[in-house]
Amino acid sequence: MTIQEIATTRRGFLAGTGGLVIGFALMPKSSAFAAEKGVQAGGADALVTLNTFVRIGTDDTVTILSKHIEFGQGPFTGLATLVAEELDADWGQMRAVHSPADDKVYANLAFGLQGTGGSSSIANSYEQFRQAGATARAMLVAAAADEWKVPAGEITVEKGRVKHPASGKDSGFGALATKAAGIKPPADVKLKDPSKFTLIGQELPKLDTVSKTNGQAVYTLDIVPDNLLVAVVAHPNHFGAAVKSFDDSETRKVKGVVDVKQLPQGVAVYADNTFAALKGRSVLKVDWDLSKAETRSSDQLSADYAKALGEKGITASEKGDVEKAFTDTGLKTLEAQIIFPFLAHAPMEPLDAVFIKAADGSLDVYNGAQFPGMDKATAAKITGIDPAKVRLNTQITGGSFGRKAQFGSPYMQEAASVFAATDQSRPVKHMWTREDDIRGGYYRPMYLHKMRGAINADGRIVAWDQAIVGQSIMGKADLDSTSVEGASDLPYDVPNLRVVSHNVKLAIPPLWWRSVGHTHTGFAVETFLDELFQMVGKDPVEGRLEQLTEDPRYAGVLKKAAELADWGGKVPEGRQRGVAVVKSFNTYVGQVVEVSAGADGAPRVHKVWCAVDCGVAINPNVIKAQMEGGIGYGLGAVLFDAVTLGEGGAIMQSNFHDYRSIRINEMPDVEVAVIKSGEPPTGVGEPGVPPVGPATANAWRRLTGAPVRSLPIVAVATS
């Protein structure tokens, strides 16, 4: 049986294949070449399939098939927790691997196809994976009842042991798995009452931590089959440019270079090893056609954005009478414009994929597929291989932050084109370098916000007028909700509100970046609001609480973050604190940041207090880690990062020396409180990012008197 033959019917979901031993094996890095045989990373040796998501080994291990990619955000652990809870398994017996690529069986219930994104992994799987665990438990109990000739109702399951107390019979899962797999699964199962949870809510260790820290974890880059070709592609330095001609005479002189091919995306260099491929590309001469390229600089784009403000926009939200409200007496008003730069995703693992064609004509593709079904279809289309003969093997991956979630799979189009251009007799590893990735586009778009607000003598904001200029990530001509989310649904009770969006078209490909629209709307809203409060001497926490009237969960995280920070208490000499609260992907996060000025005039962030409400907390350990990671990622961006286009439109940045992450010695202390909640669980991969930028900017403004009108902050503060 192959992964292609797993049933896709509803019965298939409940009963799986019913067969014995799928043979997925743990693949040590030393034998990563075994990938050419089509196995997946992780799992135990002998596994019985109980249903689409649960397999049990003869050694009692329970392996869950994660329909979501594991790139550090924790679905392996979170989904395994859901199954283990309802299965009454012991945490020590749980394992996780990626599921096969299948847009029907393994669909993200929020998307309708298989995919990971929008902090949806746990939210869309909460009941599905609990049902999978409960179904497997019922089948094991039925198998034990038949084996022991006792009523099923007298059987208990606890910490991975199936027991019949009256007779003293006892068994692990493995001894019952084969019989259980042959039992018709129940049509319906009752899930536990949350008060009975023993694993959900516990700080369980992540399943993938050990292998990632001892070097055993296998990434796409580790897959090195025999006779491998390594391929890199020369891309243009301007977005929208195309190959006019190229001279590969020097490239072909490089020892190890095998071939050079022109592709729609650029010019590919094939070699026997990575060194030769990169050296060959470095001496390749390409003449680029810039006739359709973006040749404006970032400064010119900024000026054009400002002109767009004078044009009629798309109304995203409107209530009250904004224009009249600004004419009322006794108000103080404020206007501001904030410009946000392009941002690269810069995950630690750049894009890569391995293609291996077998003697029977089938194709194995290995990559960190955020939308594996789409990537699989793209690989099949471009290589001309029957989709039924293509296996997309999702690998654990070193981050994404949105970079690997692209509709139409443009990266896979390039990788598959590289392979298709060969005779396909040799495996091919297609790689992007760090420079390729940072200069390769698909950025968080550049945005311009124009803000106008009015506040009365009581410190209540009575009018809010906001216009946003930027590319539509969704490619829309009308309103793109990702451009205005967090602003059009302003959480504050402002009686006169208007939010307008202006779409602009550039040759630069846009893409969602970790937490999408909230990265700029959260910053604009929370800094402008804070500035209005400061203008009338209103405490920023008190002011927010007075106007957060509709959803108590906002107030809950704000109060908790303030409590953690002892808001209103003594602040160390030379420091100031700022606060922000943002809901993104239905998760509420409040943060307080403490900042001082370094000797170079740049801000130094010392501490972040964070409160998060994400509904039922599946694993507080993972939630805290995601908040910490989001804070580090968000701080790196607001303090240091911008992708800029120079004169003529050329991309200026290339690697971590000029587009850098926050460094270890710059990471602040972070204290996280997880709010207890009975609400359905939501995601945590992205919501830690948006508040840290405005909270930092608010602290910086209160420390220096300088409001942040452009990013990154360090570049402005030290210029």
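Among the residues of segment 405-440, those that are of a type in the set (Asp, Glu) and closer than 30 Å to SER515 by Cβ comprise GLU414, GLU435, ASP436, ASP437. Among the residues of segment 348-363, the ones that are among the small types (Gly, Ala, Ser), open to solvent by less than 10 Å² (accessible area, probe 1.4 Å) and over 18 Å from ASP222 (Cα atoms) come to 1 in all. Could you tell me whether segment 51-74 includes any residue that is at pLDDT below 60 and under 27 Å from the mean Cα position of the chain (by Cα)? Scanning segment 51-74 turns up no residue that is at pLDDT below 60 and under 27 Å from the mean Cα position of the chain (by Cα). Pairing each residue of segment 461-482 that is closer than 11 Å to SER501 by Cα with any residue that is among the charged types (D, E, K, R) and buried (at least 21 other Cβ atoms within 10 Å of the Cβ), provided the two are 6+ apart or on different chains, yields C-beta distances under 8 Å for GLN466/ARG498; SER472/ASP480.
Residues checked against (1) on the phi < 0 side of the Ramachandran plot; (2) surrounded by fewer than 24 Cβ atoms within 10 Å (Cβ to Cβ); (3) within 27 Å of the chain's Cα centre (by Cα):
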site: GLU550; (1), (2), (3): yes, yes, no
site: ARG553; (1), (2), (3): yes, yes, yes
site: LEU558; (1), (2), (3): yes, no, yes
site: GLU563; (1), (2), (3): yes, yes, no
site: ALA580; (1), (2), (3): yes, no, yes
site: GLY590; (1), (2), (3): yes, no, yes
site: GLY601; (1), (2), (3): no, yes, no
site: VAL612; (1), (2), (3): yes, no, yes
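Please tell me if GLY373 is open to solvent by less than 30 Å² (accessible area, probe 1.4 Å), under 30 Å from GLU294 (Cβ atoms) and not in a strand (DSSP E or B). So GLY373 fails the test.
Across segment 682-701, not a single residue is classified as surrounded by fewer than 17 Cβ atoms within 10 Å (Cβ to Cβ) and either free of Cβ contacts under 8 Å to residues at least 40 places away in the same chain or assigned to a helix (DSSP H, G or I) (or both). Within segment 262-313, the set of residues being open to solvent by 70 Å² or more (accessible area, probe 1.4 Å), over 25 Å from VAL243 (Cα atoms) and either part of a helix (DSSP H, G or I) or not acidic (Asp, Glu) (or both) comprises ASP299, GLN300, LYS307, GLY310, LYS312.
Within segment 315-326, track down each residue that is of a type outside the set (S, T, N, Q) and open to solvent by 50 Å² or more (accessible area, probe 1.4 Å). Those that are of a type outside the set (S, T, N, Q) and open to solvent by 50 Å² or more (accessible area, probe 1.4 Å): GLU318, LYS319, GLY320, ASP321, GLU323, LYS324. Put simply, of ASP88, ASP102, ASP146 the only residue that is in contact with a strand residue (DSSP E or B) (Cβ under 6 Å, 6 or more places away or on another chain), among the acidic types (Asp, Glu) and open to solvent by 10 Å² or more (accessible area, probe 1.4 Å) is ASP88. Taking the condition surrounded by 21 or more Cβ atoms within 10 Å (Cβ to Cβ), of a type in the set (Lys, Arg), in contact (Cβ under 8 Å) with a residue 40 or more places away in the chain and not in a loop (DSSP other than H, G, I, E, B), does ARG452 pass? So ARG452 fails the test.
Among the residues in segment 508-520, are any on the phi > 0 side of the Ramachandran plot and crowded, with 21+ Cβ neighbours inside 10 Å? Taking every residue of segment 508-520 in turn, at least one turns out to be on the phi > 0 side of the Ramachandran plot and crowded, with 21+ Cβ neighbours inside 10 Å. Using the structure shown, decide if SER483 is at positive phi and buried (at least 24 other Cβ atoms within 10 Å of the Cβ). It is false that SER483 is at positive phi and buried (at least 24 other Cβ atoms within 10 Å of the Cβ).
Could you tell me whether any residue of segment 402-412 is open to solvent by less than 10 Å² (accessible area, probe 1.4 Å) and part of a strand (DSSP E or B)? Scanning segment 402-412, I find no residue that is open to solvent by less than 10 Å² (accessible area, probe 1.4 Å) and part of a strand (DSSP E or B), so the answer is no.
Could you please give the count of residues in segment 168-182 that are in a loop (DSSP other than H, G, I, E, B) and touching a Gly at 6+ places or on another chain (Cβ under 9 Å)? Qualifying residue count, segment 168-182: 1. Residues in segment 129-160 that are closer than 23 Å to MET94 by Cα and free of Cβ contacts under 8 Å to residues at least 60 places away in the same chain: ALA134, ARG137, ALA138, VAL141, ALA142, ALA143, ALA144, ILE155, THR156.
Kindly establish whether VAL218 is in contact (Cβ under 8 Å) with a residue 12 or more places away in the chain, among the β-branched types (Val, Ile, Thr) and under 30 Å from ILE508 (Cα atoms). Criteria not met by VAL218. Reported count of residues in segment 205-223, each being in a loop (DSSP other than H, G, I, E, B) and within 11 Å of TYR366 (Cβ to Cβ), is 3.
Quick one: in segment 164-181, of everything that is touching a residue at least 12 places away in the same chain (Cβ under 8 Å) and more than 12 Å from LEU140 (Cβ to Cβ), which residue is least open to solvent (accessible area, probe 1.4 Å)? Top of the filtered list is HIS164. PHE111 satisfies every condition listed in (1) part of a loop (DSSP other than H, G, I, E, B); (2) touching a Ser or Thr at 6+ places or on another chain (Cβ under 9 Å); (3) of a type outside the set (A, V, I, L, M); (4) surrounded by 21 or more Cβ atoms within 10 Å (Cβ to Cβ) except (4).
Residues in segment 622-636 that are in contact with a helix residue (DSSP H, G or I) (Cβ under 7 Å, 6 or more places away or on another chain) and open to solvent by 10 Å² or more (accessible area, probe 1.4 Å): 1 in all. Of the residues making up segment 329-347, those that are open to solvent by less than 10 Å² (accessible area, probe 1.4 Å) and either in a loop (DSSP other than H, G, I, E, B) or of a type in the set (Ser, Thr, Tyr) (or both) are ALA344, HIS345, PRO347.
Residues in segment 565-578 that are in a loop (DSSP other than H, G, I, E, B) and either β-branched (Val, Ile, Thr) or surrounded by 13 or more Cβ atoms within 10 Å (Cβ to Cβ) (or both): ALA565, TRP567, VAL571.
The values are calculated or read from the model by the stated rules, or taken from the named source; none is laboratory data. Because the structure is a prediction, the values reported are computed rather than measured. Neighbour counts run over all protein chains shown; Cβ positions are idealised from the backbone, glycine included. Note: accessible area is taken over every heavy atom of the protein model, side chains too, but ligands, DNA and RNA are not part of it. Shrake-Rupley method; radii C 1.70, N 1.55, O 1.52, S 1.80 Å.
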